[in-house]
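Read-outs: derived from the displayed coordinates by stated rules, not from any lab. All figures in this text were calculated on a predicted structure; none of them were measured in a lab. Using ideal geometry, Cβ is built from the backbone for each residue, glycine included, and neighbour counts are taken over all protein chains shown.
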Amino acid sequence: MKNPGFRLSEIVARLGGEVLGDPATEVFQVATLEKAVRGNIGFLANAKYRKQLAASRASAVIVGATDAALTELPRIVAANPYAYFARLSALLNPLPSMAPGIHPTTVIGEGAEIAPDAHIGAQVCIGAGARIGAGSVVMAGCVIGERSVIGAQGLLYPNVTVYHDCVIACRVILHSGVVIGADGFGIAMEEGRWLKIPQIGRVLIGDDVEIGANTTVDRGALDDTVIEDGVKLDNQIQVAHNVRIGAHTAIAGCVGIAGSATIGRYCRIGGSAGILGHLQIADRVEIAAFTLIGKSITEAGSYAGIYPFSRNDAWRNNAVHLRHLDQLVRRVGALEKEIESLKGEKP
Amino acid sequence: MKNPGFRLSEIVARLGGEVLGDPATEVFQVATLEKAVRGNIGFLANAKYRKQLAASRASAVIVGATDAALTELPRIVAANPYAYFARLSALLNPLPSMAPGIHPTTVIGEGAEIAPDAHIGAQVCIGAGARIGAGSVVMAGCVIGERSVIGAQGLLYPNVTVYHDCVIACRVILHSGVVIGADGFGIAMEEGRWLKIPQIGRVLIGDDVEIGANTTVDRGALDDTVIEDGVKLDNQIQVAHNVRIGAHTAIAGCVGIAGSATIGRYCRIGGSAGILGHLQIADRVEIAAFTLIGKSITEAGSYAGIYPFSRNDAWRNNAVHLRHLDQLVRRVGALEKEIESLKGEKP
Amino acid sequence: MKNPGFRLSEIVARLGGEVLGDPATEVFQVATLEKAVRGNIGFLANAKYRKQLAASRASAVIVGATDAALTELPRIVAANPYAYFARLSALLNPLPSMAPGIHPTTVIGEGAEIAPDAHIGAQVCIGAGARIGAGSVVMAGCVIGERSVIGAQGLLYPNVTVYHDCVIACRVILHSGVVIGADGFGIAMEEGRWLKIPQIGRVLIGDDVEIGANTTVDRGALDDTVIEDGVKLDNQIQVAHNVRIGAHTAIAGCVGIAGSATIGRYCRIGGSAGILGHLQIADRVEIAAFTLIGKSITEAGSYAGIYPFSRNDAWRNNAVHLRHLDQLVRRVGALEKEIESLKGEKP
């Protein structure tokens, strides 16, 4: 399947920016500068790839104003070349349109409402009273719980599960294996046995959220779990009950967020990081991969707590001292006193 | 849907405890002290929320004996307010009853036995010779392998997978995306290629176990993987082959437990912790979040091993020394000798 | 179900090795030396289990040449006893054969090609133009995207999802909950909102790969994500877009591999480890559990970076100093200068 081609002049007519070089240059696909072949348009969004510009076989490139003179290739000058590349790629690679309609194998509960232009794939189950919004696509094997709502233009890949009474707004993408609204981990000990605490809150997901494969978002214990507009979650993230994730925050894979944590807006959290329960994270906080946040963060900024790796034998020799670090600090304190004492004794 | 209301007098008649204030006070739902509105019953289970008691708009509260005099609100005095709250919430929020019967889209293998009062949802597959116990609910899209057993009163949310020959006892809850009985990770290197070691053990799960969304429990290599009674597992936990988890142990999300580890009873393991293979963990061990247990623990108690986070630049300045900690310790030892030597030289 | 028995003489005729003791000894199942009963064949693959040999009730054992004299039991002497055990276990425990055919509830898209001897289970969806190879088994609830290819002798357990346009070679095993080809985590910030970057690459999986339950492998952003021949992935691993994993590398559960990382051949990566994006890992690198690899590794060898655990109070006392380690190093440096100065002052 070859994509339809676009001339640079057509592209800027749709997406803005300015053409330098031949505006009739036709491009069919986006590519990195390094891998581009004839018919591709590359992009330079990071200064460290400047050296690839000269050698690139791309038919055209997207560059920022400061890099516009670095090449003779036909080029589009854009304020934000990476965002421009994203928009152009979406233009060149439109999602396949899914025909409206409900597959005959779908099972639909009483009172469920499905927009006439929605696409419901094979072997989907839609619970009683659920609603599927205009233009939404629900692929094969998805299960939507009773009274849950998927807003307009939703896109649920195969084998997504949404429990009952969850509310998902518009243009939300859920990848395969996502589970929305499972019970939070609420238990109370009584005489040597755990009692289950009913999880009666919901999950509310805002507009333009994307959630990666096998990520889980638990329903609230009493109040709701909330994912605000524009949040982007990668794969295999665990969002516990009553968490709130602020708008436009992006979280990489395998992160665990414990119950009732509140994360601000425009945060960026690295892979396999963790946030303990009931903490507050301010807006615009960056958390490094593999870092456990163990107390609230009140100021924007970058935070980390990663044990540096080394060769195994070196690690072993060094790490053993961590169990005696307090003692080492005391030894240094004692030495400082001794030195002071010796200096005082000097004639 | 409004829950049916209960008078405090009716509640203590069912659940025990003592009413102070008007026993005719009617409550419809549980809530936190902070969020409670009229018709709600709050609870005070943690001294740090005492200050919320005065301002709460709850119609009634659950308190312990020592806190009974802190409020004039109608109240139930209970020995264990948090457990009481759990029981009351279950009373006020009963699970919807699922009509007995087998959905016509279900596929059932030869010789499978399904209790007449079980509920089997749409597009479920039940393998040959499998058994589903009395009162169990198996929701849409679940797949139960050949000869596997689900005991009485089981609750399987949508899209759970149980492989063949697994045995799950009574009142077990499995959330969506759970995989029980996949092959353990058993491989043997031979002349540059990995050979697969057949995983011929089973998974045995005791009574009253709950397993969170997308958690995986592998079948044993030769013997069985065992989850004892009353164990509670949160989401996205990995339980490898031949692990044994002792009764009433609770494990938070994203924990990984490597092969043949044995965990005691009444342990509590924090999120994203890890336990290496073949280790033994005693009863009543608490393990902090993000902690890797690298050798067996023979005594009850709390254990941790977390790198403390800080601002990124501070972390970087400090962490760099971890690769030279052994050297630092030697330097301190040398200093101590020098000091001793200098002190010895004193006239 | 009792397995068919094999005489030791029959076994060596099929698998090689040499019999010592009665070649007519019949064995029905493999077992550990410790758990073996009559009719079982044990194996000694690790010197630390030698002491179990004397007490074992196994009817026969597999041993290496150097251990052949340690027992009087009927035995098979093999160059690699563990690999021999793996092969023998496969002989004694053949996978149940699945009858060729397509279950009537399967939904098959236009132009899909399914080998006549493939087994397609209930409620499977196979997208338009997809191909399922000879002898492959696709169990209940799997969804195969449009134009994706499963090679010969594939084995997909229930509820696997493969997105569109992925290519999976021969003898690949995918366990339940695996998601192949979901979108990578590609976003670009523009004026306070994230733009989605279309993920137009594929996932290519080589021969003899096995992927554990709930593991996710994202499709490439522009180029492909590649898992080479013989790679073994445990459960709940996250493989981000454009990662390449070299042939015969084995990765334990819960590992996260960030985008565009390249991992060599014959690497072994421990559980819950992480690899940051765009890094290169050489061949034959071993990475310890719970270790974050934050820069490229150019030499074979073993690497680690694990915070050692201890009792909680000891951990707390020690860990607090990590936030002041740089200061401690400076204090030691100052002491060294002081000592030098004091020594210089000596008369």
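Give the long-range amide H neighbours of C:I297: residues separated by 5 or more places, or on another chain, with amide H under 5 Å away, using H modelled in the peptide plane at 1.01 Å from N.
The list, which skips near neighbours in sequence, is C:Q280, C:I281, C:A282.
Starting from a label point 7 Å past Cα on the Cβ side, list the distances from C:E299 to the same position in the other copies, nm, shortest first.
So the label point of C:E299 gives 4.0, 4.0 nm to the other copies.
What is chain C's relative contact order, in percent, from Cα pairs under 8 angstrom and six or more apart in sequence?
6 percent
In nm, give the distance between the simple-model label positions of A:H103 and A:R14, each being 7 Å from the Cα along the Cα-to-Cβ direction.
About 3.0 nm, to one decimal.
Dimensions of segment B:128-204 along principal axes (Cα, Å, largest first)?
Largest to smallest, the principal-axis extents are 52, 20, 20 Å.
To make sure I understand, if each residue's beta carbon is the centre and we count other beta carbons within 10 Å, what order do B:I126, A:I144 fall in, fewest to most?
Ordered from fewest to most neighbouring Cβ atoms within 10 Å, B:I126, A:I144 come out as B:I126, A:I144.
How many percent of DSSP beta bridges within segment C:101-303 run antiparallel, rounded to 5?
Given both bridge residues lie in segment C:101-303, the antiparallel proportion sits at roughly 5 percent.
Can you list residues from other chains, or at least 5 along the same chain, whose modelled amide H is less than 5 Å from the amide H of A:V30?
So A:V30 has HN proximity to A:I41.
Charges at C-beta only: +1 for Lys and Arg, -1 for Asp and Glu. How large is the resulting dipole of the protein assembly as shown about its Cα centre, in Debye rounded to 20?
2020 debye
Please report, in Å, the Rg and the Dmax of chain B, where both are computed over Cα atoms only.
Gyration radius and largest Cα-Cα distance of chain B: 26.9, 100 Å.
In nm to one decimal, list the spacings between the A:A334 label point and its equivalents in the other copies, with label points set 7 Å along Cα to Cβ, shortest first.
For A:A334, the inter-copy label distances come out at 2.0, 2.0 nm.
If I model a spin label as a point 7 Å beyond the Cα along the Cα-Cβ vector, how far apart are those points for C:K48 and B:K51 in nm?
5.2 nm
I need the calculated FRET efficiency for the pair C:R330 and A:A314, taking r as the beta carbon distance and R₀ as 35 Å, to the nearest 0.05.
So the FRET efficiency works out to roughly 0.95.
Using the Cα centre of segment C:41-140 as the reference point, and only Cβ charges (+1 on K/R, -1 on D/E), how large is the resulting charge dipole? Debye, rounded to the nearest 20.
640 debye
Arrange the following residues from fewest to most other Cβ atoms within 10 Å of their Cβ: A:S89, C:S310, A:S176, A:S341.
Ascending Cβ contact count within 10 Å gives the list A:S341, C:S310, A:S89, A:S176.
Please compute the contact order of segment C:101-303 in relative form: average sequence separation of alpha-carbon pairs under 8 Å and at least six residues apart, divided by the residue count, as a percent.
This gives 10 percent for segment C:101-303.
Classify segment A:226-276: rounded, prolate or oblate, from the alpha-carbon gyration tensor (a ≥ b ≥ c, eigenvalue square roots; a/c under 1.5 rounded; otherwise prolate if a/b is larger than b/c)?
Oblate.
Per residue of segment C:39-46, in order, report the coupling 6.51 cos²θ - 1.76 cosθ + 1.60 (Karplus, θ = phi - 60°) as ³J(HN,Hα) in whole Hz, putting x for Gly and Pro.
x, 8, 10, x, 8, 10, 10, 9
Could you list which residues have their amide H under 5 Å from that of C:G184, counting only those 5 or more apart in sequence or on another chain, with H placed in the peptide plane?
Result for C:G184 returns C:R219.
Within segment A:156-228, report the GluC sites (Glu not before Pro) that DSSP leaves as loop and that have at most 11 other Cβ atoms within 10 Å.
Here the GluC sites (Glu not before Pro) that fit, given the DSSP loop and packing criteria, are A:E191.
P(r) tail for segment A:101-303, what percent of Cα pairs lie past 21 Å?
49 percent
Residue by residue through segment C:181-186, which ³J(HN,Hα) values in whole Hz follow from phi under the Karplus form 6.51 cos²θ - 1.76 cosθ + 1.60 (θ = phi - 60°), with glycine and proline marked x?
Those phi angles translate into x, 5, 4, x, 8, x Hz.
Dimensions of segment B:6-92 along principal axes (Cα, Å, largest first)?
29, 24, 22
Report ³J(HN,Hα) in whole Hz for each residue of segment C:225-232, in order, from the Karplus equation J = 6.51 cos²θ - 1.76 cosθ + 1.60 where θ = phi - 60°; Gly and Pro get x.
8, 10, 10, 7, 4, x, 5, 10
Between C:D283 and the same site in the other copies, what are the distances in nm, shortest first, taking label points 7 Å from Cα along the C-beta direction?
Copy-to-copy label distances for C:D283: 5.3, 5.3 nm.
Given the Cα atoms of segment C:241-347, and with Rh set as the inverse mean 1/r over their pairs in the Kirkwood sense, what is Rg to Rh to two decimals?
Computed over Cα atoms, the ratio is 1.23.
Using C-alpha positions alone, give me the convex hull volume of the protein assembly as shown per residue in cubic angstrom.
Dividing the Cα hull volume of the protein assembly as shown by its residue count gives 210 Å³.
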